[in-house]
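Heads up, the thing below is written out as structure tokens.
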Amino acid sequence: MNTTRLLIAGLVFASAWPLASLAQPAAAPAPLVPLNAPQFAAVSAMNAALAPLNQALTTARDALTAVSLTLPANAQDISAKADAVARADLAIANARAAAMPQFQSGTNRLSAAQIQNLLTPAGRGGRGGAPAPLPPTVSPGAVVEKLATLPRETYTVGMPFTEGATSAPNGDVYFVEQNSSKIMKWSVADKALSVFMHPAGYANGMSFDYKGNLIVCADERNELWSVSLTEKETIPYPAPLNPAGGDPDRPATLTRPKVTLLMNGSYNGKLLGGPNDVWCAPNGDIYFTDPHYGRSWWNPANRPTEQDQRTVYFLSADRKTFKRAVPDFNNVAGVAGMPNGIIGTKDGKTLYVANINGGETYGYDIQPDGSLTNKRVVCHSGSDGMTLDDQGNLYMSSGGVSVYSTKTGQLIGVIPVPEGPANVAFGGPDHKTLYITARTGFYSIPTNVRGENPGK
């Protein structure tokens, strides 16, 4: 990392996080006390009111990311955008704190413990930065182990960013280093990391289907791929969509795992915002989330969204039906959300989708035609990637790896991770090890439960 990028990192951490922490308690974690029905409705309404502020924060962060990737970097512009992120973060913290008095009297009255858990801005685990206990799904004393640090290549956009963890049928774990357009493979038998595919369409979320194919959100061209673990193909070396990006030392041809295009990047003739995370149902149907995050590898870079909403899409097992799985992705107050993490149950009946901006995760009933009904809030936290264990607990990349019960909606513990997690998946031969992608690192921790889905 050069001096300018060190300055960028310093600006983000020095300006944004301390300001946001002013509205956060520093006491020990409060006990998790369930909300009654009126309280639950009131908290949902508060999160809906906060949604525009969360969107403003996302926009400010995207702007900071975009300018930090320009070379040479404009330090003055970076400083101004880092300041905008800090102000947006503080606005959310202050708005949440200002809403608390309504919960201190009347039918919505909350205990001090409940108020403490709600003070944290959405998406950070709801713990105010205080230490939280490990979830009971992890053995006491278990610690996160760092398995690998991803290198920065000459063509890496910014710093390495690990994402998209998923488990192969034999327990090996595949994940992406998105900013270098790589899919990585972790061999659990050899405890060795290797490059499975490069370039890989700046892949993001991934999941194995029940036939052992690797389903990939190929962000560069907004596509959805099925990638074989056994077959190869030789093609002309793919030119990057943005001529300024990609590996400059490109040979004429590339031998890679065979890729089958499942979805060509558009819906109703307009580009998608960028498929982000994906879940494969046991019957072969596919669901994926489509938010919009500006990307420097697009052309034009950081292009505006063409779709009228950010939502969840459905692709049928026979690949003949491609549609929006829900009419919208609004919260209970009608404010447009930002879908991100997605995971379903192995019986194919329930789907969970995180609203990363609104600080909520929803459960849906999956209908025979692929549509989603009976939307309900299952917990008050957003998430990037997430997974599900066989006891009905969601593992969410917010505030470390935060674990929520889908039965009660309550936070049951947090797994601390040295770097901010982006995605999680169960893997290993017994499917009981939780693997975590977090910025430049790849981590694992043993658990006493199994992953609900074979590929996640």
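What the table shows:
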item: Boolean, residue 121 is part of a loop (DSSP other than H, G, I, E, B) and at pLDDT below 75; result: yes
item: Pair list, Cβ < 9 Å and 6+ apart or interchain, from the range 411-429 residues that are touching a residue at least 60 places away in the same chain (Cβ under 8 Å) and outside any strand (DSSP E or B) to residues that are among the acidic types (Asp, Glu) and surrounded by 24 or more Cβ atoms within 10 Å (Cβ to Cβ); result: 422/163
item: Residues being within 15 Å of the chain's Cα centre (by Cα) and under 14 Å from residue 143 (Cβ atoms) - total across the range 418-442; result: 1
item: Residue in the range 95-112 that is modelled with pLDDT under 70, under 26 Å from residue 205 (Cβ atoms) and either buried (at least 21 other Cβ atoms within 10 Å of the Cβ) or not assigned by TED's automatic domain parsing to the domain that holds residue 380 (or both) present; result: no
item: Test: residue 377 is assigned by TED's automatic domain parsing to the domain that holds residue 399, among the β-branched types (Val, Ile, Thr) and in contact with a strand residue (DSSP E or B) (Cβ under 6 Å, 6 or more places away or on another chain); result: yes
item: Single residue of 312, 259, 278, 326 found to be touching a Pro at 6+ places or on another chain (Cβ under 6 Å) and among the aliphatic types (A, V, I, L, M); result: 312
item: Residue list for the range 264-288, filter: in contact with a Lys or Arg (Cβ under 8 Å, 6 or more places away or on another chain) and either surrounded by 19 or more Cβ atoms within 10 Å (Cβ to Cβ) or not assigned by TED's automatic domain parsing to the domain that holds residue 321 (or both); result: 267, 273, 274, 279
item: Enumeration of residues in the range 267-283 that are within 13 Å of residue 309 (Cα to Cα), not in a loop (DSSP other than H, G, I, E, B) and not aliphatic (A, V, I, L, M); result: 267, 270
item: Odd one out for residue 184, checked against (1) loosely packed, with under 14 Cβ neighbours inside 10 Å; (2) more than 26 Å from residue 319 (Cα to Cα); result: (1)
item: Hits in the range 332-352 (condition: of a type in the set (S, T, N, Q) and closer than 15 Å to residue 384 by Cα); result: 340
item: Qualifying residue in the range 141-150 (condition: farther than 23 Å from residue 396 by Cβ, at pLDDT 95 or above, among the hydroxyl-bearing types (Ser, Thr, Tyr) and in contact with a Gly (Cβ under 8 Å, 6 or more places away or on another chain)); result: yes
item: Strands (runs of 3 or more DSSP E) contained in the range 133-197 and holding at least 3 residues polar (S, T, N, Q); result: 162-167
item: Qualifying residues in the range 320-366 (those that are farther than 26 Å from residue 271 by Cβ and in contact with a helix residue (DSSP H, G or I) (Cβ under 9 Å, 6 or more places away or on another chain)) - the one surrounded by the most Cβ atoms within 10 Å (Cβ to Cβ); result: 359
item: Every residue from the range 403-423 that is touching a Leu at 6+ places or on another chain (Cβ under 9 Å) and over 27 Å from residue 375 (Cα atoms); result: 415, 416
item: Single condition residue 226 does not satisfy, out of (1) in a strand (DSSP E or B); (2) crowded, with 20+ Cβ neighbours inside 10 Å; (3) small (Gly, Ala, Ser); result: (2)
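For every residue, the table says whether it meets (1) over 19 Å from the mean Cα position of the chain (by Cα); (2) over 21 Å from residue 295 (Cα atoms).
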| position | (1), (2) |
| --- | --- |
| 164 | no, no |
| 168 | yes, yes |
| 175 | no, no |
| 179 | no, no |
| 188 | yes, yes |
| 192 | yes, yes |
| 197 | yes, no |
| 206 | no, no |
| 213 | yes, yes |
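The values are calculated or read from the model by the stated rules, or taken from the named source; none is laboratory data. All figures in this text were calculated on a predicted structure; none of them were measured in a lab. Neighbour counts are summed over all protein chains in view; Cβ atoms, including those assigned to glycine, are modelled from backbone coordinates with ideal geometry.
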